[in-house]
1. If you go through the range B:70-85 one residue at a time, how many are out of contact with any Leu (no Cβ under 6 Å at 6 or more places or on another chain), within 13 Å of C:G22 (Cβ to Cβ) and not charged (D, E, K, R)?
2. Taking F:D44 and the conditions (1) over 29 Å from F:I96 (Cα atoms); (2) buried (at least 18 other Cβ atoms within 10 Å of the Cβ); (3) not hydroxyl-bearing (S, T, Y), which numbered condition does it fall short on, given that it satisfies the others?
3. Among the residues of the range F:100-109, how many are within 14 Å of chain C (Cβ to nearest Cβ) and within 15 Å of D:L20 (Cβ to Cβ)?
4. So how many residues does the range C:5-22 have that are farther than 14 Å from B:L101 by Cα and either touching a Leu at 6+ places or on another chain (Cβ under 6 Å) or exposed (fewer than 15 other Cβ atoms within 10 Å of the Cβ) (or both)?
5. Surrounded by fewer than 17 Cβ atoms within 10 Å (Cβ to Cβ) and at pLDDT 95 or above: is that true of C:E49 in this structure?
6. Check off (1) polar (S, T, N, Q); (2) out of contact with any Phe, Trp or Tyr (no Cβ under 9 Å at 6 or more places or on another chain); (3) within 22 Å of C:A37 (Cα to Cα) for D:N87 and give me the number that stays unchecked.
7. Within the range C:1-24, count every residue that is free of Cβ contacts under 8 Å to residues at least 60 places away in the same chain and not in a helix (DSSP H, G or I).
8. For the range D:57-68, state whether one or more residues are of a type in the set (A, V, I, L, M), more than 10 Å from the chain's Cα centre (by Cα), crowded, with 24+ Cβ neighbours inside 10 Å and in a helix (DSSP H, G or I).
6 protein chains.
Amino acid sequence: MAKWDKKFMQERDRLNEIVLSGKHLGIKRFFALDDQAYHGGALDEKTKELMGLVASMVLRCDDCIEYHLLKAYEAEATREQFYEAFNVALVVGGSIVIPHLRRAAEKLEELI
Amino acid sequence: MAKWDKKFMQERDRLNEIVLSGKHLGIKRFFALDDQAYHGGALDEKTKELMGLVASMVLRCDDCIEYHLLKAYEAEATREQFYEAFNVALVVGGSIVIPHLRRAAEKLEELI
Amino acid sequence: MAKWDKKFMQERDRLNEIVLSGKHLGIKRFFALDDQAYHGGALDEKTKELMGLVASMVLRCDDCIEYHLLKAYEAEATREQFYEAFNVALVVGGSIVIPHLRRAAEKLEELI
Amino acid sequence: MAKWDKKFMQERDRLNEIVLSGKHLGIKRFFALDDQAYHGGALDEKTKELMGLVASMVLRCDDCIEYHLLKAYEAEATREQFYEAFNVALVVGGSIVIPHLRRAAEKLEELI
Amino acid sequence: MAKWDKKFMQERDRLNEIVLSGKHLGIKRFFALDDQAYHGGALDEKTKELMGLVASMVLRCDDCIEYHLLKAYEAEATREQFYEAFNVALVVGGSIVIPHLRRAAEKLEELI
Amino acid sequence: MAKWDKKFMQERDRLNEIVLSGKHLGIKRFFALDDQAYHGGALDEKTKELMGLVASMVLRCDDCIEYHLLKAYEAEATREQFYEAFNVALVVGGSIVIPHLRRAAEKLEELI
């Protein structure tokens, strides 16, 4: 396991608790829908996490990229699969994606 | 085959020819990279086309959505797989994706 | 009532039925969350619909703009309030919002 | 008052001075339009600041979120009103908004 | 002159009048700032219109693209310059720009 | 030369090496296309770098902004030209661009 992932998940959990302390039912339900969207079904979990990764890259959200990187890795995505997903995101989203790709590649190499 | 797909591909081809008539080498090479990004490799073509579909939905590009819908269908994605991909895009991209989801679902039902 | 709104809502309903015919539980639940987000609570419905309008303008989604325009009008937003909301969206989102502002203003004048 | 807001406003002022030292008349006028957009009129200041907050969340700009959070708080928005605005932004913008929502909720809890 | 440009400018003028009939001072001033931003100064008008074109392409706004295409053409941008600008936009913005590039190239060929 | 630019380019090079260590041919080719897009041709290098700057500002990517700021400065863009480019980006992209404009202006003043 990489050094960054534990810290990342802890900070994520700490902030999620703050959000949920606002006790807004709609937000709570959205969080549940978000979790369920990546459960295996007609598409397996790895595929869905890689889809989440590509979507996060083209929308350029580093936190989201790190999260799906970690989850896809746990679902046994390989380095080659990650780089092919990176390439789809790069071609769709353009050079504006590159700073995020750089950070994603660094995180991936620490993880794998 | 649906009625829309042939017309869609013909119009796409007609306009691509106009773009390429500009004889810009960078643009020509970009088009080649774009094609190659979806070839099967460590991830199969269907998975990549579905990734392209999700990326196109969260970036809200109807032309791109139709194209990847068609290509993923040709690569044998099932209705259930399409709806799971739609759901990932909806959760990631939010309600702003819904008008595109509506049009995508209509195109899908005509196709499948 | 304007001529456009009835047609707009009918087409919206027709396409929503197609989406929901896919029987994806996550999508169905998302649609419910989307509806509930604009119900009056600590902020009244008109305020929330105007928020939805501003968000739709800066994200540049014509369908979403038309929908929130109609709902805010039903919740008794005035022409002056619409133009102040338009102005917030224009300043936040920049000139790229103007084509959507033009279409929104035309729809508003037909409605009011 | 929270600890972050004073520092945030000072840094903002320091950088605004650098921008305005460029003496570009268009930029100066844009800054004036930006200020005026949130003055109370047919919609009150609190409503407009909450609109600015929602727009900033769906466009995912942390600096803008912090600014409108602070201004809406000064205009007496309540915790419940903030969370309802957060929810509108989350539903419109999708899970990609969540990292910004987390940071916004943390800032809000320090402020209120 | 192309057939599309006259019609395009007339429709634009018609809708601008509707927007300005709302008599919102902020919107009126924004429109003035927008015009002035492209006046020749330290950078000439052609360069600024091409910048506006590239910005409009990466933000994917067809109306904005058509407008800057026309204005840059009036400022004597050449076909080669347009295609180099198209290429910058394509590389920065990625394949999601391609549908807009297609329509822009068609408009350009009708114009030039 | 400013203090930030050397460090910025070194970090950029370090991360590019990690990305390229993934040995994905499509990514490598995209990086080449990205470089070539700014070479002088029918438009000179300075103009293209300023276009890249404006595109990066409206898409709100700080890393991209810093890079094009540096490259346009090396291509002899003047302070007045930078501020006119900043203004185009601000008008097109709206107030959401301002936090990036602030940071860009600070970097520029350190550079010039």
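1. 2
2. (2)
3. Within the range F:100-109, the subset within 14 Å of chain C (Cβ to nearest Cβ) is F:100-101.
Filter once more, keeping what is within 15 Å of D:L20 (Cβ to Cβ): F:101.
Of the residues in the range F:100-109, 1 are within 14 Å of chain C (Cβ to nearest Cβ) and within 15 Å of D:L20 (Cβ to Cβ).
4. Of the range C:5-22, the ones farther than 14 Å from B:L101 by Cα are C:5-10.
Next, from what is left, pick out any that are either touching a Leu at 6+ places or on another chain (Cβ under 6 Å) or exposed (fewer than 15 other Cβ atoms within 10 Å of the Cβ) (or both): C:5-7, C:9-10.
Looking only at that region, the number is 5.
5. On the way: surrounded by fewer than 17 Cβ atoms within 10 Å (Cβ to Cβ): no; at pLDDT 95 or above: yes.
Here the answer is no, as C:E49 does not meet what is asked.
6. Checking D:N87 against (1) polar (S, T, N, Q); (2) out of contact with any Phe, Trp or Tyr (no Cβ under 9 Å at 6 or more places or on another chain); (3) within 22 Å of C:A37 (Cα to Cα), the one that fails is (2).
7. First, pick out the residues of the range C:1-24 that are free of Cβ contacts under 8 Å to residues at least 60 places away in the same chain: C:6-7, C:10-24.
Checking which are not in a helix (DSSP H, G or I) leaves us with C:22-24.
The qualifying residues number 3.
8. Yes, that holds for at least one residue.
The values are calculated or read from the model by the stated rules, or taken from the named source; none is laboratory data. Here the structure is a predicted model, which means the values were calculated and not measured. Ideal geometry is used to build each Cβ from the backbone, glycine not excepted, and the neighbour counts take in all protein chains shown.
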